[in-house]
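Enquirer: Just passing along the structure, written as structure tokens.
The values are calculated or read from the model by the stated rules, or taken from the named source; none is laboratory data. All values derive from a computational prediction rather than experimental measurement. Positions of Cβ are backbone-derived with ideal geometry, glycine not excepted, and every protein chain shown enters the neighbour counts. Note: accessible area is taken over every heavy atom of the protein model, side chains too, but ligands, DNA and RNA are not part of it. Shrake-Rupley method; radii C 1.70, N 1.55, O 1.52, S 1.80 Å.
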Amino acid sequence: MDCQTSKEYISQFLDNELPQELLQPLFRHLADCGECRTFFVHTKSIHDSVKKLEYVPVPESLDQKFAVLGMEEKKVSVLFKNNFVSIPTAILSVIFAFMISILIFFSLDASTSPSAFSSINQQALGAFSYSMMQQPIHLQ
Amino acid sequence: MNTTSLSDEELVSQFRNGHLNGGSLLYSRYKNAIYSFCLRMLADSESAKDATQETFLKMMTKIQSLEKGMAFKSWLFSVARNEVLMVVRRGKIISMEKYDDENTIFDQSTPLSITIQSEIHDKLAEAIRRLKPAYREAYMLREIEGLTYEEIAQVTESSVSAVKSKLFKSRAALNEMLAPYM
Ligand SMILES: [Zn+2]
């Protein structure tokens, strides 16, 4: 094996891409060749050092731009995914529940006790909340 | 479920199905890698920022073009490389001829600067910058990003044997540049 081939094999060896059958000829050459041994040691040392090079962090202004494009939606999904409702549905539901409460309040007889009102109202809201929970997620 | 432990493929699938959360996590996972790649290729922070921005905008709009069988990471680096080439073609940083030049492996015009405090990492980063673009991209995709020879060939639109050769020559050049400090 000549030194040029040996150095090419060293490069592939460091990448774990050298075929098994070429390992022995390479190391036999390295045992006899000081120049290639030095190449091996230096290349391996650079190979190990380059792994420790750190990424340069992306500028904050770019993060902000992508936050507007993506992260806002992320916040929305995190906020609503556990409730299984979309934002418009949630708003409409609150308005609807409020209107029902008002209607129940005015339709009740003046003699109705506060506890009866409270129980009807809770039932109505409970049933409504349950129907809300059955709706699929639709992020707008 | 801890979404950060999801694989690229799972996040891509989420993103393709309309969940921006998947895209947002892919952005977080690769933003620094892509910016560092663009910066090391272009050596200009403004151009690198533009190329990074365009890369992720393309990710958002063209994710459907990612073919089955191609790793997302390779695809993303192909997009980033194209954006780097767009900057180069506009002649803002270096000419296309110099980008494609495979006759010289590294810039030998001036020796590596040495300061007493400079550490091997600074010299190494500077030596990598001295590699000609065609060699630098292959070297970074292998050593920093850990792409396979096949993936580098895909990203750089070349052959596996060309990739092997570029990696060997890059390493030999770095050895030469850094020999005085070893
Ligand atoms: Zn030798």
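Enquirer: Taking only pairs six or more apart or across chains, which ones have beta-carbon atoms under 6 Å, a first residue in the range A:24-46 that is part of a helix (DSSP H, G or I), and a second residue that is near the ligand (Cβ under 9 Å from one of its atoms) and modelled with pLDDT under 95?
Expert: A:PRO25/A:MET1; A:HIS29/A:MET1
Quick grid of which residues meet (1) within 19 Å of the chain's Cα centre (by Cα); (2) not hydroxyl-bearing (Ser, Thr, Tyr):
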site: B:THR4; (1), (2): no, no
site: B:GLY22; (1), (2): no, yes
site: B:ALA33; (1), (2): yes, yes
site: B:SER36; (1), (2): yes, no
site: B:GLU54; (1), (2): yes, yes
site: B:MET59; (1), (2): yes, yes
site: B:LEU85; (1), (2): yes, yes
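Enquirer: Identify all residues within the range B:149-160 that are open to solvent by less than 50 Å² (accessible area, probe 1.4 Å) and among the hydroxyl-bearing types (Ser, Thr, Tyr); write none if there are none.
Expert: B:TYR149, B:THR156, B:SER158
Enquirer: Still on this structure, please answer the following. Taking the condition of being within 12 Å of chain B (Cβ to nearest Cβ) and within 12 Å of the ligand (Cβ to nearest atom), how many residues in the range A:2-40 meet it?
Expert: Total satisfying the criteria: 13.
Enquirer: Identify, from the list B:ALA51, B:ALA33, the residue that is within 17 Å of A:PRO57 (Cα to Cα), within 10 Å of chain A (Cβ to nearest Cβ) and crowded, with 19+ Cβ neighbours inside 10 Å. Give the steps one after another, and end with the answer.
Expert: Working: B:ALA51 fails: within 10 Å of chain A (Cβ to nearest Cβ).
The match here is B:ALA33.
Let's see how each residue does on (1) surrounded by fewer than 23 Cβ atoms within 10 Å (Cβ to Cβ); (2) touching a strand residue (DSSP E or B) at 6+ places or on another chain (Cβ under 6 Å):
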site	(1), (2)
B:ILE128	no, no
B:LEU141	no, no
B:GLU145	yes, no
B:ALA162	yes, no
B:SER170	no, yes
B:LEU174	no, no
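Enquirer: Condition first: more than 7 Å from chain A (Cβ to nearest Cβ) and part of a helix (DSSP H, G or I). Now tell me which residues in the range B:36-48 satisfy that. If you could, list the steps in order and put the result at the bottom.
Expert: First, the residues of the range B:36-48 that are more than 7 Å from chain A (Cβ to nearest Cβ): B:37-38, B:40-48.
Scanning the range B:36-48 gives B:PHE37, B:CYS38, B:ARG40, B:MET41, B:LEU42, B:SER45, B:GLU46, B:SER47, B:ALA48.
Enquirer: Out of B:LYS62, B:LYS68, which single residue is at negative phi, outside the structural domain of B:ALA153 (by TED's automatic domain parsing) and in contact (Cβ under 8 Å) with a residue 12 or more places away in the chain?
Expert: Numbers: B:LYS68 fails: in contact (Cβ under 8 Å) with a residue 12 or more places away in the chain.
Checking each option against the conditions leaves just B:LYS62.
Enquirer: Filter the range A:47-58 for residues that are in a helix (DSSP H, G or I) and in contact with a helix residue (DSSP H, G or I) (Cβ under 9 Å, 6 or more places away or on another chain); which is least open to solvent (accessible area, probe 1.4 Å)?
Expert: From the range A:47-58, those in a helix (DSSP H, G or I) are A:47-50; that's our starting set.
Subset that is in contact with a helix residue (DSSP H, G or I) (Cβ under 9 Å, 6 or more places away or on another chain): A:47, A:49-50.
Numbers: A:HIS47: 21, A:SER49: 19, A:VAL50: 1 Å².
Within the range A:47-58, the match that is least open to solvent (accessible area, probe 1.4 Å) is A:VAL50.
Enquirer: Only one of B:ASP50, B:ASP122, B:ASP107 is among the acidic types (Asp, Glu) and at pLDDT 90 or above. Can you tell me which?
Expert: Values: B:ASP122 fails: at pLDDT 90 or above; B:ASP107 fails: at pLDDT 90 or above.
Checking each option against the conditions leaves just B:ASP50.
Enquirer: Residues being in contact with a helix residue (DSSP H, G or I) (Cβ under 6 Å, 6 or more places away or on another chain), more than 10 Å from chain A (Cβ to nearest Cβ) and modelled with pLDDT of 90 or more: count how many of those fall in the range B:54-71.
Expert: 3
To keep it simple, each residue is scored yes or no on (1) more than 8 Å from every other protein chain (Cβ to nearest Cβ); (2) assigned to a helix (DSSP H, G or I); (3) in contact with an Asp or Glu (Cβ under 6 Å, 6 or more places away or on another chain).
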| position | (1), (2), (3) |
| --- | --- |
| B:LYS123 | yes, yes, no |
| B:ARG136 | yes, yes, no |
| B:ILE152 | yes, yes, no |
| B:SER158 | yes, no, no |
| B:ALA173 | yes, yes, no |
| B:LEU178 | no, yes, no |
